[in-house]
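Encoded as structure tokens, the structure appears first; notes follow it.
The values are calculated or read from the model by the stated rules, or taken from the named source; none is laboratory data. The structure displayed is predicted, hence computed values, not measured ones. Ideal geometry is used to build each Cβ from the backbone, glycine not excepted, and the neighbour counts take in all protein chains shown.
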Amino acid sequence: MPRRGRHTPGFTLIELLVVIAIIAILASMLLPALSKSKLKAQGVKCLGSGRQMMHAWRMYVDDNQDKVPQSFGPNQWVNGDLDFSANTSNWDVKQDLARSLLWTYCGKNADIWKCPADRSSVTVSGKVYPRVRSIAMNAWFNSTDVDGFGSGFRIYYKMSDVFNPGPARTWVFLDEREDSINDGEMVIGMTGYPDQPTQWRIVDYPASYHGGAGGLSFADGHSEIKKWRDARTMPLLKKGQKLDLNVSSPNNQDMFWMMERSTRRK
């Protein structure tokens, strides 16, 4: 008697569709968790970069008789204005970062100059390059550019000047938004501080890459991730376009938080 061939069972179309649907459901459940994990990892790296920059800043201060580097001026801590053009300052580490006052103090590590969540880039001769910097310095540290952003406030020229509100409550570096950042300083306008909220303004915009939060580092060496609350602090990002800066933002509690940690009246 002839042997019957073995029958190998296969999936029916319905079974395949069920499996695909289950995979899709599982993926939809996992993707938000993976996205949050990525944001958290980027936040941790951002905090580490901020602490490293503060170590570099402090070593510079210690080597220069307590004098802090200029945030803006003829001997500023870093040169170069960022935009979205083929300008070399945007994409070539050697143009400005490697000539910075802090370059050797930070171990010539270009990675700590840019938040890992900042995806801004420029195109040069058909090739896409990541921009080199997202970090900016508090303009109230030894700047020649803050007189128009609040009169009668202290400019810090030495570390010993940072006694009010104190090193743990005075930020030095933060990540600035890609559509706001230009020079090496981050201006927090003090007009109307503390009790005239209708006069508060956003001069430069802090970054909000970490789920609506941004990284800052302080004069005592610690770093923080600050969650912003006011939608005006986080306008819609339009890739490759600059924001209008120095705009009125009355009663913006994010700006009040920043003013509280930038400087004080003399």
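I'd like the full set of residues that are closer than 23 Å to Leu216 by Cβ and either among the basic types (Lys, Arg) or modelled with pLDDT under 95 (or both), limited to the range 119-143.
Within the range 119-143, the subset closer than 23 Å to Leu216 by Cβ is 119-120, 130-143.
Across the range 119-143, the qualifying residues are Arg119, Arg131, Arg133.
List pairs: first residue in the range 157-182 and more than 13 Å from Asp118 (Cα to Cα), second residue part of a helix (DSSP H, G or I) and among the β-branched types (Val, Ile, Thr) anywhere in the structure, Cβ distance under 7 angstrom, at least six positions apart or on different chains.
Final answer for the pair search is Met159/Val61.
Suppose we keep only residues that are surrounded by 19 or more Cβ atoms within 10 Å (Cβ to Cβ) and either among the aliphatic types (A, V, I, L, M) or at positive phi (or both) within the range 67-101. Which one would you say is nearest to the chain's Cα centre (by Cα)?
Result: Leu82.
All but one of (1) part of a helix (DSSP H, G or I); (2) farther than 22 Å from Leu82 by Cβ hold for Pro250; state the number of the condition that does not hold.
(1)
Filtering the range 178-202 down to residues that are β-branched (Val, Ile, Thr) and closer than 14 Å to Trp257 by Cβ, which residue is surrounded by the fewest Cβ atoms within 10 Å (Cβ to Cβ)? Talk me through it step by step, then tell me what you get.
Our first condition is that a residue be β-branched (Val, Ile, Thr); within the range 178-202, this holds for 181, 187-188, 191, 198, 202.
With the extra rule that they be closer than 14 Å to Trp257 by Cβ, the set shrinks to 188, 202.
Working: Ile188: 27, Ile202: 25.
The extreme case among them is Ile202.
Pull up the range 111-132, narrow it to residues that are surrounded by 15 or more Cβ atoms within 10 Å (Cβ to Cβ) and either of a type in the set (S, T, N, Q) or over 23 Å from Lys239 (Cα atoms) (or both), then point me to the one that is farthest from the chain's Cα centre (by Cα).
In this case the residue turns out to be Ser121.
What residue, among those in the range 122-131 that are without any contact (Cβ under 8 Å) to a residue 12 or more places away in the chain and not hydrophobic (A, V, I, L, M, F, W, C), is farthest from Asn79 (Cα to Cα)? Talk me through it step by step, then tell me what you get.
Initially, the range 122-131 is screened for residues without any contact (Cβ under 8 Å) to a residue 12 or more places away in the chain, giving 126-128.
Within this subset, residues satisfying the condition of being not hydrophobic (A, V, I, L, M, F, W, C) are 126-127.
Working: Gly126: 26, Lys127: 24 Å.
Per the stated criteria, the residue is Gly126.
Would you please name the residue that is surrounded by the most Cβ atoms within 10 Å (Cβ to Cβ), looking only at residues in the range 1-42 that are touching a Phe, Trp or Tyr at 6+ places or on another chain (Cβ under 9 Å) and modelled with pLDDT of 60 or more? Let's see the steps before the verdict.
Applying the first criterion (touching a Phe, Trp or Tyr at 6+ places or on another chain (Cβ under 9 Å)) to the range 1-42 yields 19, 39, 42.
Next, only the ones that are modelled with pLDDT of 60 or more stay: 19, 42.
Details: Val19: 11, Gln42: 19.
Residue satisfying both the conditions and the ranking: Gln42.
So which residues in the range 162-177 are crowded, with 19+ Cβ neighbours inside 10 Å and not in a strand (DSSP E or B)?
Just the residues of the range 162-177 that are crowded, with 19+ Cβ neighbours inside 10 Å, to begin with: 162, 170-177.
Within the range 162-177, Val162, Thr170, Arg177 qualify.
Criterion first (small (Gly, Ala, Ser), closer than 25 Å to Asp66 by Cβ and in a loop (DSSP other than H, G, I, E, B)) does Gly189 satisfy it?
On the way: small (Gly, Ala, Ser): yes; closer than 25 Å to Asp66 by Cβ: no; in a loop (DSSP other than H, G, I, E, B): yes.
Answer is no for this residue.
Being over 13 Å from the mean Cα position of the chain (by Cα) and outside any loop (DSSP other than H, G, I, E, B) is the filter here, so list the residues in the range 192-231 that pass it.
Going residue by residue through the range 192-231, those that are over 13 Å from the mean Cα position of the chain (by Cα) are 192-203, 218-222, 229-231.
Answer for the range 192-231, where residues must be over 13 Å from the mean Cα position of the chain (by Cα) and outside any loop (DSSP other than H, G, I, E, B): Pro197, Thr198, Gln199, Arg201, Ile202, Phe218, Ala231.
Can you spot a residue in the range 216-226 that is crowded, with 22+ Cβ neighbours inside 10 Å and within 17 Å of Pro116 (Cα to Cα)? Before the answer, list the steps.
Start the filter on the range 216-226 by keeping residues that are crowded, with 22+ Cβ neighbours inside 10 Å, which leaves 216-219.
Adding the requirement that they be within 17 Å of Pro116 (Cα to Cα) leaves 216-217.
Looking for residues that are crowded, with 22+ Cβ neighbours inside 10 Å and within 17 Å of Pro116 (Cα to Cα), one finds at least one in the range 216-226, hence yes.
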